[in-house]
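Trainee: Have a look at this one before I ask anything.
Readers should treat all values here as calculations from the given coordinates under stated rules, not as data from a laboratory. The shown structure was predicted, so the numbers you read here are calculated from the model rather than taken from an experiment. No Cβ is skipped: glycine too gets one built from the backbone with ideal geometry, and neighbour counts run over all protein chains shown.
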């Protein structure tokens, strides 16, 4: 890689790569009449039906309960790990935890715990613990070290942390936890698609019944729920919220799990097949080669094809769309733009892909559209907010001219950096889309779990982790070569929870 | 009784020498004031003294130039931080959540003369520069000990207040080392003036034995 990369060059390289992959992507909607499906859905969505309010309410409360418990456990575990960030063991653990998607965690955990509240809570808590540990550690590192340095020499470590460290990072931590609750609500909703009693489950049920009115109702309430987080979630009342959530989860019915499931999982299920069959280490290499060749490689290729095309489309949507939320560009249409971006941001990629799948049928198209719309909306939202904060001269132009002459040039570097930052996230989500039947890595992982070949699933999870880790490393390398762009850190103020108004 | 002594030593940070040939002693009952241009090495000398004194097991109170307060905590809690090493982690945790009335009263007795009683429960980030400086001083006074090390502790307050604050410091500590830029205040407070110039100590004498010209030469 050259030592310096200009921002337009970076954008061009990624765009060219994405376009070059289009011929390899399966984008058809063979055998489906998208318009008919779209019309049916649109009719239902324009007439939301709150009749099934009991099912809807139950699903929403469960969604909130799983999210709150999962985020709380994850945050506490992350906080416990963060002070030991200097240890390679803790860093490695954190990487391993967060490189596996919530849905994959859930698939594995359900082998051990069944479709139980514990499986759902842990599926959120484990990857979030890895993320929290990293972010809290960064926050501690970036905090002013001087108050801790002037403490009396004999002060114990705990007091040192609680008095001179925690207060400094508390505001940033609090806003990050709130942002993570929003993410947790998305994760929790999506867990329903693989059987937990959250929103995804109910949505799937309504769709199977063709009850688009009820599906519309539940999605409207879900967007409202996420958009009003700052109003209903007060950290002061966190204990009450958590107690309520835990009580709710404890009351959920779930099928009993035979005893010894964990033992079997650890000693039988995840042991590579050749070892289990007693073929010894000689059988290991052919076994591994076979998995990688027949599943790992095709899955990885499909993941990269979908992910790279989605990344380019994400960029296009964000760059063209951020003006929609800037008052001086969009005028009154700003509110509409804001609403559109908030709605798209509220729905997780997976859920959007599920919706598009109903319209276009199974191909890579629903996944690409879902990834691009959700991530494009997030980046567009952030860019729009930054654009509003740019001080403009009083005689600056308006509308598209302002966007093209004043805003786009100033925010271009930031835009590229944000896209690079989301690259890893997009690939991670792309892999998971396989659970919907698209041939990305998740498809092969899901099949392996369904066939109880957990050893195979584990190998494929490592492949998935390697792809996202590779994207992360490449993204950092490119960003450092772009020079003077403000780094997009996970601590960014822009990643605050949704603001109302 | 000598509390700390340097014998022709080189002081600095991470291999970069700031002061050379430092010979200096600090005895109980002495009040040293360091004088010199900014960047001359006053802070380096204060840090070296702090390390030497704490290394010898003495209780030292520190008021650094940048205050190093925790902006989110109240004035009272920032002051309470001066004695965290006197208690165990649990007691400190309890104090953080709910400072015992006795500790609060003790801090309050210091905040009154510092003119901070009205701000006792306000977070430090809501204070003015002068109020922050006095909060850092409150922390040092609450800590107490054999020696006070203070770097420009009255730079952000008016002269009348500065005199009163220096009087408090004199009353609380048997020995002290301060960096000050106001020569008049320095003369009235110090038992010995220490002048630093071009990386060396060029002056070390009681105020009465130091001519105005000698001090002017430090800043030339």
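Trainee: With Rg and the Kirkwood Rh both taken from Cα atoms, where does Rg over Rh land for the protein assembly as shown?
Mentor: On the way: Rg = 31.8 Å, Rh = 29.8 Å.
Radius of gyration relative to Kirkwood radius: 1.07.
Trainee: Run the simple label-point estimate for residue A:38 and residue A:275 please: 7 Å along Cα→C-beta, distance reported in nm.
Mentor: In this crude spin-label approximation the distance works out to 5.2 nm.
Trainee: Evaluated at 10 °C with a viscosity of 1.306 mPa s, what Stokes-Einstein diffusion coefficient in µm²/s does segment B:131-176 have when Rh comes from the Kirkwood expression over alpha-carbon pairs?
Mentor: On the way: Rh = 10.7 Å.
The calculation lands on 149 µm²/s.
Trainee: Take every Cα-Cα pair in segment A:148-286 and report what % of them are more than 26 Å apart.
Mentor: Values: 5533 of 9591 pairs.
Looking at segment A:148-286, the distances longer than 26 Å represent 58 percent of pairs.
Trainee: With 10 angstrom as the radius, rank A:50, A:443 by how many other C-beta atoms surround their C-beta, starting from the fewest. Intermediate results must be reported in sequence, preceding the final value.
Mentor: Details: A:50 14, A:443 23.
The fewest-first ordering by Cβ neighbours comes to A:50, A:443.
Trainee: Once you have the Kirkwood Rh of segment B:70-143 from its Cα pairs, apply Stokes-Einstein at 20 °C and 1.002 mPa s and quote D in µm²/s.
Mentor: 178
Trainee: Additional query: Which of A:112, B:210, B:147 comes first, and how do the rest follow, when ranked by fewest Cβ neighbours within 10 Å? Walk me through the intermediate numbers first.
Mentor: On the way: A:112 18, B:210 21, B:147 24.
Result, fewest neighbours first: A:112, B:210, B:147.
Trainee: How many angstrom lie between the Cα centre of segment A:102-181 and the Cα centre of segment A:272-337?
Mentor: About 27 Å separates the Cα centre of segment A:102-181 from the one of segment A:272-337.
Trainee: Turning to a different aspect of this structure: Please work out the C-alpha center-to-center distance from segment A:1-23 to segment B:180-202 and express it in whole Å.
Mentor: Segment A:1-23 and segment B:180-202 have Cα centres spaced 62 Å from each other.
Trainee: Considering only DSSP beta bridges where both residues belong to the protein assembly as shown, give the percentage that are antiparallel (nearest 5). Spell out each step's value before the answer.
Mentor: Working: 14 of 31 bridges.
Roughly 45 percent of the beta bridges in the protein assembly as shown run antiparallel, per DSSP.
Trainee: If you take the beta carbon distance between residue B:164 and residue B:213 as r and set R0 to 30 Å, what does 1/(1 + (r/R0)^6) give as a FRET efficiency, to the nearest 0.05?
Mentor: 0.50
Trainee: Related question: Hey, with R₀ at 56 Å, roughly what FRET efficiency would residue A:412 and residue B:105 work out to, going by the Cβ-Cβ distance, to 0.05? Can you show the working numbers first?
Mentor: On the way: r = 59 Å, r/R0 = 1.06.
In this case the efficiency is close to 0.40.
Trainee: Here is a follow-up. In nm, what is the difference between 0.36 nm times the number of residues separating residue A:141 and residue A:474 and their Cα-Cα distance?
Mentor: On the way: separation 333, 0.36 × 333 = 119.88 nm, distance 2.39 nm.
That pair, residue A:141 and residue A:474, stretches by 117.5 nm at full extension.
Trainee: If I model segment A:312-412 as equal point scatterers sitting on the Cα atoms and use the Debye formula, what is log10 I(q)/I(0) at q = 0.18 Å⁻¹?
Mentor: -0.79
Trainee: Can you give the FRET efficiency for residue A:161 and residue A:118, using 1/(1 + (r/R0)^6), R0 = 30 Å, r = Cβ-Cβ distance, to the nearest 0.05?
Mentor: 0.50
Trainee: Quick check on the exposure proxy: order A:33, A:253, A:446 from fewest to most C-beta atoms within 10 angstrom. Could the numbers behind the result be given before it?
Mentor: Details: A:33 11, A:253 7, A:446 21.
Exposure proxy ranking, most exposed first: A:253, A:33, A:446.
Trainee: How would you classify segment A:40-255 from its alpha-carbon gyration tensor, with a ≥ b ≥ c the square roots of the eigenvalues: rounded for a/c under 1.5, else prolate if a/b is greater than b/c, otherwise oblate?
Mentor: Prolate, since a/c reaches 1.5 and a/b exceeds b/c.
Trainee: With no solvent and one equal point scatterer per Cα, compute the Debye intensity ratio I(q)/I(0) for chain B at 0.08, 0.11, 0.17 Å⁻¹ and report its log10, rounded to two decimals.
Mentor: The calculated log intensity ratios at q = 0.08, 0.11, 0.17 Å⁻¹ are -0.29, -0.55, -1.20.
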